[in-house]
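**Student:** What follows is a structure written as structure tokens; I'll ask about it next.
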Amino acid sequence: MNTAITELSADTPAKRSILDLSGDEARKFLLKPESYCSLDLPPYIVFGDLIDSVSKILNDNSLSSLRQSNPRDHDDVNYTILHNKDGKYAWRPFQLIHPALYVSLVRAITEKGNWKMICDRFKQFAANEQIRCLSLPIVSESEQKDKAEQVSHWWHEVEQKSIEMSLDYEYLIETDITDCYGAIYTHSIAWALHTKATAKKKRDDRQLIGNVIDNHIQDMRHGQTNGIPQGSALMDFVAEMVLGLADLELSDRIKAEDIVDYRILRYRDDYRIFVNSPQVGEKIVKFITETTTGLGLKLSPAKTKASSDVVRASIKSDKLAWLGRKQTAKNLQKHLLIIHDHAINFPNAGSLVTALNDYHTRISRVKALSEGAMPLIAIVVDIAYRNPRTYAICAAILSKLLSFVEIDAERLSIAKRIKKKFSQIPNTGHMQIWLQRVTLQLGNGIAYDEAICKLVAGENVSLWNIDWISSATLKAAVAASNIVDATTRDEIAPVIPPEEVELFLSKAAEGYY
């Protein structure tokens, strides 16, 4: 048996996960605008006042006393932004949870007794130190955003720790769960927190926190019991409850087979399994398959792979490829074509975002172009078109390139051509939000179908169904118009600065991707 390294390296910064917080601290964390919505959005789309207003109302009233019917009996309780996933026909639904249901659920989870029980249960999930969950929501204790700290945490605890594991293990097997959030069975949340036997015995107990979470999610989703909303720290935490149960059951299966020479690092639905025997690795993958199947989840055969080169397998292939090639050129167009070529070979990759961030930093310093803007614009649009992960940073680059076009009418014409290009693929609401940011200073020459874009344009649009709410005060608090900061919208600069779209505040973090 090899003894794997279990302690953090001396130079690894200390991190606080959500479980290190008191109930009150966890409530404040989950009610932060950044926790409510993890999607990248322009700075005039804000959720702080919305969440604060609803919180004040629910401080003095239970949600049940403010409603006239069951929210699950109504359509469109949450608002869904369909985010194109691959530039083709796959998409991922990001949901802005109804603010009243979101705040109500946060309050229930972080109530003192419930919070203690949940934290104690997570200790049971983590009892086997050879199976480590590394994806609990992370709280920033620096000037960096929580999301940046989460990425930093992944780099230190998943990628760097995986490389370190090569000292002790000969093989790395990777696998993940297909459509994890969309497949989670809501009743399994109570199973995870209370055990399946207790949950089934108390299925009608409305005070049981597992049932409270289950009922809130069903209220958000027309009574559906399959799938949880994606796009918030709250739902990331709920998913960890179910995946924690999977860790616990997996541990029991491995112990029953007397397997001791292994380590597993799990980051959400991604597993990294370190072993010294391929046969042991295959057996553990079989146990993961059986465990997740029992919870209604399935592993992805296409993403299950094994390697005897642990160091190389620990680093994403797109990152290795980017590190091994020429990354820039003196000419702006040649530099962009290098990035475009990388995008073709590694679509939607994290290293692509890093490359575009560097290009944006470079072009932000340019005062005048020695070449035409249109070819550069066309290349950036093609990158964004095929790589939805790059929407925000590509919008920032486009805003700078358009600033070199001196005539307003010509800029408007170019923007319309870009919008027409994106109309060829479905579900580009997220791109429309960023394209509107680019064209905001061009007046009302372009109309967007996305509801949030209509709100930004001053139209009266509803995002969340409020027919089930009886309280006029609560209805006013959840009005969709509250998410638009008109002052910021009206005063925002036409060229998007790096700090508006880049995750990290310093270049020291560039290796995290």
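**Student:** Per 0.36 nm of contour for each residue apart, how much would the distance between D60 and A486 grow if the chain were fully extended, relative to their Cα-Cα spacing? Don't skip to the answer; put the middle values down first.
**Tutor:** On the way: separation 426, 0.36 × 426 = 153.36 nm, distance 2.96 nm.
Full extension of this stretch gives 150.4 nm more.
**Student:** Return the Rg/Rh value of segment 367-499, two decimal places, where both radii are evaluated on C-alpha atoms and Rh is the Kirkwood radius. Mind showing how you got there, number by number?
**Tutor:** On the way: Rg = 16.8 Å, Rh = 16.2 Å.
Checking Rg against Rh, the ratio lands at 1.04.
**Student:** Under 14 Å from the Cβ of A256, count the other residues' Cβ atoms, weight Lys and Arg +1, Asp and Glu -1, and hand me the total.
**Tutor:** Values: positive: R253, K255, K283, K286; negative: E249, D252, E257, D258, E290.
Charge balance near A256 sits at -1.
**Student:** As an exercise, take the mean of 1/r over every pair of distinct alpha carbons in the chain, invert it, and state the Kirkwood radius in angstroms. Before the final figure, lay out each step's value.
**Tutor:** Numbers: mean 1/r = 0.0407 Å⁻¹.
So the Kirkwood estimate lands at 24.6 Å.
**Student:** Tell me, what is a quarter of the convex hull surface for the C-alpha atoms of segment 195-268, in nm² with one decimal?
**Tutor:** Details: hull surface 25.5 nm².
Projected over every direction and averaged, the Cα hull of segment 195-268 covers 6.4 nm².
**Student:** Would you calculate the separation in nanometres between label points at S462 and Q224, each defined as 7 Å from the Cα along the Cα-to-beta-carbon direction?
**Tutor:** Result: 2.0 nm between the two label points.
**Student:** Rounded to the nearest 0.05, what FRET efficiency do R206 and A127 have when you use their Cβ-Cβ distance and R0 = 22 Å? Could the numbers behind the result be given before it?
**Tutor:** Details: r = 30 Å, r/R0 = 1.36.
FRET efficiency, R206 to A127: 0.15.
**Student:** Then there's this: Using only the Cα atoms of segment 285-351, each taken as one equal point scatterer with no solvent, compute I(q) by the Debye sum, divide by I(0), and report log10 of the ratio at q = 0.16, 0.19, 0.20 Å⁻¹.
**Tutor:** -0.72, -0.85, -0.89
**Student:** To the nearest 0.05, what FRET efficiency results for R362 and K475 with a Förster distance of 56 Å applied to their C-beta separation?
**Tutor:** That pair, R362 with K475, gives E of 0.70.
**Student:** Among the helices of the chain (complete DSSP H runs), which have Cα atoms covering no less than 18 Å along the helix axis and a Kyte-Doolittle mean of at least -0.5?
**Tutor:** Details: long enough: 48-60 (19 Å, 0.07); 112-125 (20 Å, -0.96); 233-256 (34 Å, 0.78); 278-293 (22 Å, -0.18); 332-345 (20 Å, 0.19); 350-364 (21 Å, -0.09); 373-386 (20 Å, 1.58); 408-422 (21 Å, -0.88).
Membrane-span-like by this criterion, though nothing is claimed about a membrane: 48-60, 233-256, 278-293, 332-345, 350-364, 373-386.
**Student:** Note down the relative contact order for the chain as a percent, whole number, built from C-alpha pairs under 8 angstrom at least six residues apart. Write out the running numbers ahead of the final one.
**Tutor:** Working: 737 pairs, mean separation 119.1, N = 513.
That works out to 23 percent.
**Student:** Right, next: Could you please report the charge total around I466, scoring K, R as +1 and D, E as -1 over all other residues with beta-carbon less than 15 angstrom from its beta-carbon? Please report the intermediate quantities before stating the final value.
**Tutor:** Working: positive: R67, R72, K475; negative: D73, D75, D76, D219, D467.
Here the charged neighbours net out to -2.
**Student:** Let me ask something else about it. Given the DSSP H assignment, sum -39500 (n - 2.57) over each helix run of at least 4 residues in the chain and divide by its residue total; what's the result at 222 nm in deg cm²/dmol, nearest 500? Could you put the intermediate results ahead of the total?
**Tutor:** Numbers: 25 runs with 249 residues, N = 513.
Mean residue ellipticity at 222 nm (helix-derived): -14000 deg cm²/dmol.
**Student:** Please give every one of the aspartates and glutamates within straight-line cross-link reach of K200, meaning a C-alpha to C-alpha distance under 15 Å, and leave out same-chain neighbours fewer than 8 residues apart.
**Tutor:** D214
**Student:** Turning to a different aspect of this structure: Over 26 Å between Cα atoms: which of K298/K419; K420/K475; K421/K454; K416/K454; K32/K400; K112/K201 fall into that group? Walk me through the numbers before you get to the answer.
**Tutor:** On the way: K298/K419 38 Å; K420/K475 36 Å; K421/K454 20 Å; K416/K454 17 Å; K32/K400 31 Å; K112/K201 24 Å.
Over 26 Å Cα-Cα: K298/K419; K420/K475; K32/K400.
**Student:** Using modelled amide H (1.01 Å from N, peptide plane; none on Pro or chain starts), what sits under 5 Å from the amide H of R67, excluding residues fewer than 5 places away?
**Tutor:** S470
**Student:** Right, next: Give, in nm to one decimal, the length gained when the segment between A306 and K116 is fully stretched (0.36 nm per residue of separation minus the Cα-Cα distance).
**Tutor:** Gain on stretching A306 to K116: 64.5 nm.
**Student:** Related question: Can you compute the modelled spin-label distance between E371 and I163, with each label point 7 Å from Cα toward Cβ, in nm?
**Tutor:** Each label point is offset 7 Å from its Cα along the Cβ direction, giving 3.3 nm.
**Student:** Another question about this same structure. How large is the accessible surface per residue of segment 336-377, computed with a 1.4 Å probe and reported in Å² as a whole number? Please list the in-between numbers first.
**Tutor:** Details: 1700 Å² over 42 residues.
Per residue, segment 336-377 has an accessible area of 40 Å².
**Student:** Can you give me the % of accessible surface on the chain that is carbon or sulfur? Probe 1.4 Å, all protein chains present, nothing else counted. Provide the component values of the computation, followed by the final result.
**Tutor:** On the way: 11190 of 22930 Å².
Answer for the chain: carbon and sulfur cover 49 percent of the accessible area.
**Student:** Compute the length gained on full extension between E257 and T328: take 0.36 nm times their separation in residues and subtract their Cα-Cα distance, giving the result in nm to one decimal.
**Tutor:** 20.4 nm
**Student:** So for segment 85-204, Kirkwood radius off the Cα pairs, Stokes-Einstein at 37 °C and 0.692 mPa s: how many µm² s⁻¹? If you can, show how the numbers build up before the last one.
**Tutor:** Numbers: Rh = 18.3 Å.
Here the translational diffusion coefficient equals 180 µm²/s.
**Student:** Taking 8 Å as the Cα distance limit and 6 or more residues as the minimum spacing, I'd like the relative contact order of segment 288-400 as a percentage.
**Tutor:** Relative contact order here is 23 percent.
The values are calculated or read from the model by the stated rules, or taken from the named source; none is laboratory data. What you see is a predicted model; the values in this text were computed from it and never measured. Note that we place each Cβ from the backbone using ideal geometry, even for glycine, and neighbour counts take in every protein chain shown. To get the accessible areas, we keep the full protein, side chains included, count just its heavy atoms, and leave off ligands, DNA and RNA. Shrake-Rupley method; radii C 1.70, N 1.55, O 1.52, S 1.80 Å.
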